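What follows is one structure encoded as structure tokens, with my remarks underneath.
Any read-out appearing in this document is the output of simple, stated calculations on the displayed coordinates, not a laboratory observation. Because the structure is predicted, anything quoted here is derived from the model rather than measured. Backbone-built Cβ (ideal geometry, glycine too); neighbour counts: all protein chains shown.
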Amino acid sequence: MKETAEESEKTEELKETEEAEEAKETEEIAEEEAVEEELAEEAVEEVEEAEEKVEKPKREEVEEEIVEEKIYTIPLGRAWISPRKKRAPRATRILKNFIHRHMKIRTEGEEGEEAERLVVSNEVNEKIWGRGIEKPPRKIRVRAVKDKEGVITVYLAEGD
């Protein structure tokens, strides 16, 4: 009987130690999960902060003082004379030359003034390149806006 009593005490001790070890393991797992959750939350916060930084400030046309605004229909048919793989770039050049001619852009600054710049918006560029390099549109309707600093920006006309 002593042996069985001793054995039962040993088994009870073993059970207690095993239970203690399991409790420690569950605590460690809980701590690891908590740390992982904190890291995940921090990562989400970092991503959100990075997205906020990446967001570009939207152009504020309302605040810019518009000096001159005109709507043009620019014929791009001459771009189709070019070889297939050079049509869209030529259409872009035709657009820029047309705007230079009709908006009277100064190429050189006079007496300390800066030369006027021409900016083609993304939407116009995407319209020209929309069907690929080989098939630009035959004509495009644009709105050219000149602000007080002399920067001319070309946008797609409303409804296009």
Open item on the list: Which one, 105, 120, 67, projects farthest toward the positive side of the charge dipole computed for region 66-156 from Cβ point charges (K/R +1, D/E -1)?
Closed with: 120
TODO: Compute the Rg/Rh shape ratio of region 66-156: radius of gyration over Kirkwood radius, all on alpha-carbon atoms.
DONE: 1.02
